1. Taking the condition of being touching a residue at least 12 places away in the same chain (Cβ under 8 Å) and either part of a helix (DSSP H, G or I) or of a type outside the set (A, V, I, L, M, F, W, C) (or both), how many residues in the stretch 117-138 meet it?
2. Looking at the stretch 75-104, I want the residues that are touching a residue at least 12 places away in the same chain (Cβ under 8 Å) and open to solvent by less than 60 Å² (accessible area, probe 1.4 Å) and have a partner that is of a type in the set (A, V, I, L, M) and in a strand (DSSP E or B) with Cβ atoms under 8 Å, at least 6 apart or on another chain. Which pairs are those?
3. Take the residues in the stretch 156-192 that are part of a loop (DSSP other than H, G, I, E, B), of a type in the set (D, E, K, R) and farther than 19 Å from residue 128 by Cβ, then tell me which one is least open to solvent (accessible area, probe 1.4 Å).
4. Out of curiosity, is residue 124 more than 18 Å from residue 21 (Cα to Cα), open to solvent by less than 20 Å² (accessible area, probe 1.4 Å) and β-branched (Val, Ile, Thr)?
5. Condition first: among the charged types (D, E, K, R) and either out of contact with any Ser or Thr (no Cβ under 8 Å at 6 or more places or on another chain) or at pLDDT below 90 (or both). Now tell me which residues in the stretch 84-115 satisfy that.
6. Being under 22 Å from residue 50 (Cβ atoms), open to solvent by less than 100 Å² (accessible area, probe 1.4 Å) and either modelled with pLDDT under 85 or polar (S, T, N, Q) (or both) is the filter here; which residues of the stretch 200-215 pass it?
7. With a cut-off of at least 3 residues that are under 21 Å from residue 179 (Cβ atoms), name the helices (runs of 4 or more DSSP H) lying wholly within the stretch 1-101.
8. Across the stretch 52-74, which residue is nearest to residue 32 (Cα to Cα) among those that are in contact (Cβ under 8 Å) with a residue 40 or more places away in the chain and open to solvent by less than 30 Å² (accessible area, probe 1.4 Å)?
Amino acid sequence: GARYDLVVIGSDEVFNAMRSVIFSVLNQTAPGQINISIYNPDLKDTFSCFTDLEQYTLYSSPDAFSKALSELSKEIVANDSLLKGKYSSLIELRNKAQQAVGQLRLFVIAGNDWIDNENEKKQVLKLADNAIRAGCVFVFAIEDRKLKSVEGLLGKATVLQKAAQKNKWTPKEYPQLEVQFADIASEEAESFLGNYAAQAEKTTVVTIPFTDIED
């Protein structure tokens with residue numbers, strides 16, 4: 001099966017790595033086309049730079065996180081009504097229609113408390129299995145001691161473990177390879193996000209020319 005989630009196994013640098021992933025996703029996606037959702041129960045200030053983005057939501061409490069998962073379940077159902085069984089994913093539908101149908105989402109889970117809640121863990125793992133077709137990808141930070149509890153997730157994910165060198169990570173499947181995330185300085189982050197937000201505001205809804213509509 002396709003691999004669609006990124007798991008960064010915990011260390012002191014894990015949150016900076018996740019922050020870099022978010023910047024990378026924003027940089028490679030047209031402004032206004034992706035929602036960023038972050039579950040941050042430890043209230044790390046690593047993600048505060050994204051606050052001014054319109055399509056950004058931070059969840060800090062378990063209750064808010066649980067509600068967000070329920071909303072995502074509804075979103076998957078809504079997107080399935082667009083796919084109608086004819087398309088494998090929202091991305092495929094967008095490519096075929098050549099229109100920005102639906103909404104893409106990156107869901108960053110920077111806490112581990114959900115793993116200890118059996119019902120919530122089942123819900124997260126089920127969503128991780130199904131959300132990709134609805135245009136949603138997860139990024140998890142998982143503590144080493146919690147790995148055995150989420151083996152079902154790890155089997156379908158790209159797993160990065162901390163390498164010996166600072167800010168470098170090793171893909172579990174390619175132990176000889178090292179990955180280094182781009183480190184974005186505060187000034188660069190502010191400039192990038194300001195430009196991104198400005199471009200997102202200018203984005204207009206794609207319309208169908210009247211001549212293409214049936215009589």
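The values are calculated or read from the model by the stated rules, or taken from the named source; none is laboratory data. Since the model is a prediction, treat every value here as computed from it, not as a measurement. Backbone-built Cβ (ideal geometry, glycine too); neighbour counts: all protein chains shown. Side chains included, ligands, DNA and RNA excluded: accessible areas come from the protein's heavy atoms. Shrake-Rupley method; radii C 1.70, N 1.55, O 1.52, S 1.80 Å.
1. Here is the first cut: in the stretch 117-138, the residues touching a residue at least 12 places away in the same chain (Cβ under 8 Å) are 117, 120-121, 123-125, 127-138.
From what is left, the residues that are either part of a helix (DSSP H, G or I) or of a type outside the set (A, V, I, L, M, F, W, C) (or both) are 117, 120-121, 123-125, 127-135.
Final tally of qualifying residues: 15.
2. 90/104; 103/34; 104/34
3. Let us first name the residues in the stretch 156-192 that are part of a loop (DSSP other than H, G, I, E, B), namely 156, 163-167, 172-178, 181-185.
Applying the additional criterion that residues be of a type in the set (D, E, K, R) yields 156, 166, 172-173, 178, 183.
Right, trim to farther than 19 Å from residue 128 by Cβ and you get 166, 178, 183.
Numbers: 166: 152, 178: 85, 183: 127 Å².
Selected residue: 178.
4. Working: more than 18 Å from residue 21 (Cα to Cα): yes; open to solvent by less than 20 Å² (accessible area, probe 1.4 Å): yes; β-branched (Val, Ile, Thr): yes.
Taking the combined requirement at face value, the residue satisfies it.
5. The initial filter retains those residues of the stretch 84-115 that are among the charged types (D, E, K, R), namely 84, 86, 92, 94, 96, 105, 113.
84, 86, 92, 94, 96, 113 - these are the residues of the stretch 84-115 that are among the charged types (D, E, K, R) and either out of contact with any Ser or Thr (no Cβ under 8 Å at 6 or more places or on another chain) or at pLDDT below 90 (or both).
6. Filtering the stretch 200-215 down to residues under 22 Å from residue 50 (Cβ atoms) leaves 200-203.
Now narrow it down to the ones that are open to solvent by less than 100 Å² (accessible area, probe 1.4 Å): 200, 203.
Matches in the stretch 200-215: 203 only.
7. Working: elements: 14-27, 62-83, 90-97.
Result: 14-27.
8. Per the criteria, the residue is 53.
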